[in-house]
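The values are calculated or read from the model by the stated rules, or taken from the named source; none is laboratory data. Keep in mind that this is a model prediction, so the values were computed, not measured. Please note: Cβ atoms are built from the backbone with ideal geometry, for glycine as well, and neighbour counts cover all protein chains shown. The protein model used for the area step is the full one, side chains on, heavy atoms only, and it has no ligands, DNA or RNA in it. Shrake-Rupley method; radii C 1.70, N 1.55, O 1.52, S 1.80 Å.
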Amino acid sequence: MGFLTGKTAIITGGGRSVLSDGRCGSIGYGIATAYAKEGANIVITGRNVKKLEDAKEELERLYGIKVLAVQAAGADNEAVVGNVVKQTIDEFGRIDVLINNAQASASGVTLEDHTTEQFDLAVYSGLYATFYYMKACHPYLKETKGSVINFASGAGLFGNFGQCAYAAAKEGVRGL
């Protein structure tokens with residue numbers, strides 16, 4: 001306990017969602033919990049403000065750490081990422097870990113029925129966002145000798161029915 005005290009981690013897709021059986025349904029929130037248990041200050045991003053607020057409240061209450069919750073939604077991904085990084089530096093003064101986990105996509109849509117807008121959603125929320133976060137965080141990670149952890153998926157290697165855009169974006173993330 002306390003291995004990451006004084007460190008700051010940005011975790012994309014860190015909102016708290018609950019499955020029908022009551023268990024946590026968010027990989028990002030699970031990652032945030034692990035970092036909170038080790039004492040890290042956490043920045044969580046996502047599109048859903050309620051999920052971010054729920055995560056912030058629970059993590060701060062259970063682990064006594066500071067959480068900055070920033071909605072990451074908008075047409076200009078690069079500007080959204082820049083805002084997250086600026087708020088992180090303003091609040092914590094450093095970035096030690098960047099975890100690119102977030103990914104939105106239209107699931108269960110066959111290739112023939114997939115729209116360009118659905119494809120763009122996956123590519124922009126996953127691949128482009130990962131690129132922009134890595135680029136914007138690089139100077140701070142270089143300073144702290146920090147780390148980048150990018151989440152890809154087996155779907156990128158093997159495909160999944162109805163997830164062509166998701167798979168393409170995740171394989172692109174693997175390439176980064």
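Restricting THR88, THR116, THR130 to residues that are more than 18 Å from the chain's Cα centre (by Cα) and either at pLDDT 95 or above or surrounded by fewer than 16 Cβ atoms within 10 Å (Cβ to Cβ) (or both) narrows the list to THR116. Could we say that GLU60 is out of contact with any helix residue (DSSP H, G or I) (no Cβ under 8 Å at 6 or more places or on another chain) and either of a type in the set (D, E, K, R) or surrounded by fewer than 18 Cβ atoms within 10 Å (Cβ to Cβ) (or both) here? Yes; evaluated as a whole, the condition is true for this residue.
Conditions tested, residue by residue: (1) of a type in the set (Ser, Thr, Tyr); (2) modelled with pLDDT of 95 or more.
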residue: GLY22; (1), (2): no, no
residue: SER26; (1), (2): yes, no
residue: GLY39; (1), (2): no, yes
residue: ILE42; (1), (2): no, yes
residue: GLY46; (1), (2): no, no
residue: LYS51; (1), (2): no, no
residue: GLU58; (1), (2): no, no
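Of the candidates VAL123, VAL148, the single residue that is of a type in the set (A, V, I, L, M) and open to solvent by less than 60 Å² (accessible area, probe 1.4 Å) is VAL123.
Summed over the range 44-88, residues that are closer than 18 Å to SER17 by Cβ and either of a type in the set (A, V, I, L, M) or part of a loop (DSSP other than H, G, I, E, B) (or both) total 13.
With respect to (1) open to solvent by less than 10 Å² (accessible area, probe 1.4 Å); (2) touching a residue at least 40 places away in the same chain (Cβ under 8 Å), the lone exception for VAL67 is condition (2).
Picking from residues in the range 91-111 that are hydrophobic (A, V, I, L, M, F, W, C) and at pLDDT below 95, the one that is most open to solvent (accessible area, probe 1.4 Å) is LEU111.
Checking ALA55, ALA40, ALA34 one by one, the residue that is of a type in the set (A, V, I, L, M) and in contact with a Phe, Trp or Tyr (Cβ under 7 Å, 6 or more places away or on another chain) is ALA55 and no other.
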